[in-house]
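Enquirer: Can you read through this structure? Questions will come right after.
The values are calculated or read from the model by the stated rules, or taken from the named source; none is laboratory data. Predicted model, so just to flag it, every value in this text is computed and none were measured. Backbone-built Cβ (ideal geometry, glycine too); neighbour counts: all protein chains shown.
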Amino acid sequence: MRDGDLLDEPYDSISASNRLRLSLFRDSHDELDHSGLCDKLCEETAGETMSGNLQKEEPTGNSRDHCDPLTLEQFRERVRPCSDVMEQTVHIGGSRKREAYIFYCDGLIDSQMYHLGLLPTLEKWKETPESPLSPEISQAEHPSRIFVSLDARDHDHIYARLFAGSVIIAFSEEEGFYECNIANQPARTPEESSMEVSLKGPRDGFVEQLSINIALVRKRLRTPNLHIEYHKIGSETQTEIALMHMEGQAPPGLIDEVRRRIRSLDLPSLNGAGELEERLADQPLALFPLMDYVGRPDYVVQSLMKGRFSILVDGSPAALIGPGNLLLLIKSPEDSHLPFYYVTLERLLRILGLLLSLFLPGFWVALSSFNTDQVPFTLLATVTISRIGLPLSATMEMFLMLTLFEVFREAGVRLPRPVGQTVSVVGGLIIGDAAIRAGMTSPTMLVVAAVSAVSTFTLVNQSLAGSVTLFRIFILMLSSVLGMFGFFAGMFALLLYMCSLESFGQPYLQPIAPLRIKDIVASLIQKPWDLRTNRRKRP
């Protein structure tokens, strides 16, 4: 937006940064009113800082207390190796020359507000007869009113504010540091999430900036019942996370347990939502995802309204949703925007795809290699004829085909999207046909492997797809050694393992185990909207 365009907009609808630009644009036609600009900078800086610190907690499990106040020389020496930290000295104080030392991180501040707002404010103090630090100076112009004072004993907090985009100011002949929050960190505009395809739903997805992600959720839940708690994790990264839940929907004991686990984390760094998911899990070595992750705020709102909690991590374009279970992972954010009868069919197809992807390869190998008497004679004749002259056993054929399909899938993910889709589809067709012509595999084995691989694509959660691939190989190995007995042994072992999993104290297979028929039907069958709420309007 150009400066001239701001003049026609209502003042209340203009953002904070654009309001400053508007005042500067108007004042540039006559004279720059430094005192008015000073007041505006004071209001915005204090407002942003106070709103950002109201609910934020200290770094979780790794805060370091410093008894000795941080001096200017110590601060300057500590940031000297950081070439992106800039230092500027401004002379102030009228007859008694004093200096203001300004430190900021290049690329993380609003350059326009710095040069046209902050520096003129400091330059204005040259015209005052007294030093700006003296008691005679007006309270409206004293640094403690214009800037936010920082606790010099909390070294980590001062450095964290510097690298978060704030300007740190120190004055000669005075101890302590001040903060001017004019941060303008690099951010991406919300766009459609690449993790979930939107057909009829909204197309605004999460980005890497925590404040924007929270705003995307808040604009959909305009109620004080949405509670948001800030935590900091990592002694070095100081990564901010936001815990969100709905009062009256989420059980208080569940939220207390989540808080306890977050506060118990003692880490030097947090690399993303994936690491946080693993560290918060009941069983860190679990082979199934115990929390769901999505890139769409509308699905987060749906989960919050159903009594779950959500965690947003600064720097991650996805939200964690817990507690998770198997039936939650097969649901799609698009389900609430499609007709109920079609959503029910889709969910049943996803469950069918999950079962085919897990059990079909092992079942077919056990049937065709060990229990051929259970195969219909016509099908057995077709399979036997197709295997004449093949150098590999049925087990090796299946391992070869599944490995090739996994290679194609991985190549499709790593390559650019248009090229990757072509490699996955065309590569599988061409190489599969070539393998049949070369006598390396039979058409029947190729069809079974292809159906198993394609069924994996029906799964919404990619972490679940990875777990399915692992257990598919496990069941295939047992089936290739013990036949149908090994197949059923692997299937029941998988079932028992999933029954042993919990997510924040909730059974992973609920409502299947423990069995609740009513909840199973409600999870699989999408009800019409009139039946989903108790406040149904009748004619």
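Enquirer: Residue check: is GLU179 in a loop (DSSP other than H, G, I, E, B) and closer than 22 Å to THR121 by Cβ?
Expert: no
Enquirer: Return the pair list, or none, for Cβ contacts closer than 6 Å from residues in the range 330-342 that are on the phi < 0 side of the Ramachandran plot to residues that are part of a loop (DSSP other than H, G, I, E, B) and among the β-branched types (Val, Ile, Thr), at least 6 apart or on different chains.
Expert: So the pair list comes out as SER332/VAL460.
Enquirer: Just checking, does the range 286-300 include any residue being assigned to a loop (DSSP other than H, G, I, E, B), touching a strand residue (DSSP E or B) at 6+ places or on another chain (Cβ under 8 Å) and either charged (D, E, K, R) or without any contact (Cβ under 8 Å) to a residue 12 or more places away in the chain (or both)?
Expert: No, that holds for no residue.
Enquirer: Search the range 225-268 for residues being of a type in the set (Gly, Ala, Ser) and farther than 28 Å from ASP156 by Cβ, and hand back the single one that is nearest to the chain's Cα centre (by Cα).
Expert: If we filter the range 225-268 for residues that are of a type in the set (Gly, Ala, Ser), which is where we start, we get 234-235, 242, 248, 250, 253, 264.
Checking which are farther than 28 Å from ASP156 by Cβ leaves us with 248, 250, 253.
On the way: GLY248: 25, ALA250: 21, GLY253: 24 Å.
For the range 225-268, the residue satisfying everything is ALA250.
Enquirer: Continuing with the same structure: Has the range 387-408 got any residue that is crowded, with 19+ Cβ neighbours inside 10 Å, within 30 Å of LEU531 (Cβ to Cβ) and of a type in the set (Gly, Ala, Ser)?
Expert: Within the range 387-408, not a single residue is crowded, with 19+ Cβ neighbours inside 10 Å, within 30 Å of LEU531 (Cβ to Cβ) and of a type in the set (Gly, Ala, Ser).
Enquirer: With respect to ARG279, is the statement that it is without any contact (Cβ under 8 Å) to a residue 60 or more places away in the chain, in the same structural domain as ILE241 (by TED's automatic domain parsing), more than 30 Å from THR395 (Cβ to Cβ) and not small (Gly, Ala, Ser) true?
Expert: Working: without any contact (Cβ under 8 Å) to a residue 60 or more places away in the chain: yes; in the same structural domain as ILE241 (by TED's automatic domain parsing): yes; more than 30 Å from THR395 (Cβ to Cβ): yes; not small (Gly, Ala, Ser): yes.
Criteria met by ARG279.
Enquirer: Which of (1) more than 25 Å from the chain's Cα centre (by Cα); (2) without any contact (Cβ under 8 Å) to a residue 12 or more places away in the chain does SER211 not meet, given it meets every other one?
Expert: (1)
Enquirer: While we're on this one: Among the listed residues VAL423, VAL413, which satisfies the condition of being in a helix (DSSP H, G or I), at pLDDT below 85, surrounded by 14 or more Cβ atoms within 10 Å (Cβ to Cβ) and β-branched (Val, Ile, Thr)?
Expert: On the way: VAL413 fails: surrounded by 14 or more Cβ atoms within 10 Å (Cβ to Cβ).
Sole residue among the options that is in a helix (DSSP H, G or I), at pLDDT below 85, surrounded by 14 or more Cβ atoms within 10 Å (Cβ to Cβ) and β-branched (Val, Ile, Thr): VAL423.
Enquirer: Looking at ARG161, ARG220, ARG188, which is the one that is closer than 20 Å to TYR293 by Cβ, within 31 Å of the chain's Cα centre (by Cα), modelled with pLDDT of 85 or more and not in a strand (DSSP E or B)?
Expert: Details: ARG161 fails: closer than 20 Å to TYR293 by Cβ; ARG188 fails: modelled with pLDDT of 85 or more.
Going through ARG161, ARG220, ARG188 in turn, just one is closer than 20 Å to TYR293 by Cβ, within 31 Å of the chain's Cα centre (by Cα), modelled with pLDDT of 85 or more and not in a strand (DSSP E or B): ARG220.
Enquirer: Starting from the range 110-121, keep only residues that are farther than 15 Å from ALA100 by Cβ, then list their pairs with residues that are surrounded by 23 or more Cβ atoms within 10 Å (Cβ to Cβ) and among the basic types (Lys, Arg) whose Cβ atoms are within a distance under 8 Å, requiring at least 6 positions of separation or different chains.
Expert: none
Residue by residue, here is whether (1) in the same structural domain as SER467 (by TED's automatic domain parsing); (2) at pLDDT 90 or above; (3) loosely packed, with under 13 Cβ neighbours inside 10 Å holds:
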residue: LEU354; (1), (2), (3): yes, yes, no
residue: ALA366; (1), (2), (3): yes, yes, no
residue: ASN371; (1), (2), (3): yes, no, no
residue: GLN374; (1), (2), (3): yes, no, yes
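Enquirer: Among the residues of the range 226-249, are any touching a helix residue (DSSP H, G or I) at 6+ places or on another chain (Cβ under 6 Å) and at pLDDT below 90?
Expert: Scanning the range 226-249 turns up at least one residue that is touching a helix residue (DSSP H, G or I) at 6+ places or on another chain (Cβ under 6 Å) and at pLDDT below 90.
Enquirer: Does the range 330-341 contain at least one residue that is within 23 Å of MET484 (Cα to Cα) and assigned to a loop (DSSP other than H, G, I, E, B)? Working first, answer last.
Expert: The initial filter retains those residues of the range 330-341 that are within 23 Å of MET484 (Cα to Cα), namely none.
No, the range 330-341 contains no residue that is within 23 Å of MET484 (Cα to Cα) and assigned to a loop (DSSP other than H, G, I, E, B).
Enquirer: For the condition assigned to a helix (DSSP H, G or I), in the same structural domain as ASP433 (by TED's automatic domain parsing) and not charged (D, E, K, R), what is the one hit in GLY389, GLY362?
Expert: Values: GLY389 fails: assigned to a helix (DSSP H, G or I).
Only one candidate passes the filter, namely GLY362.
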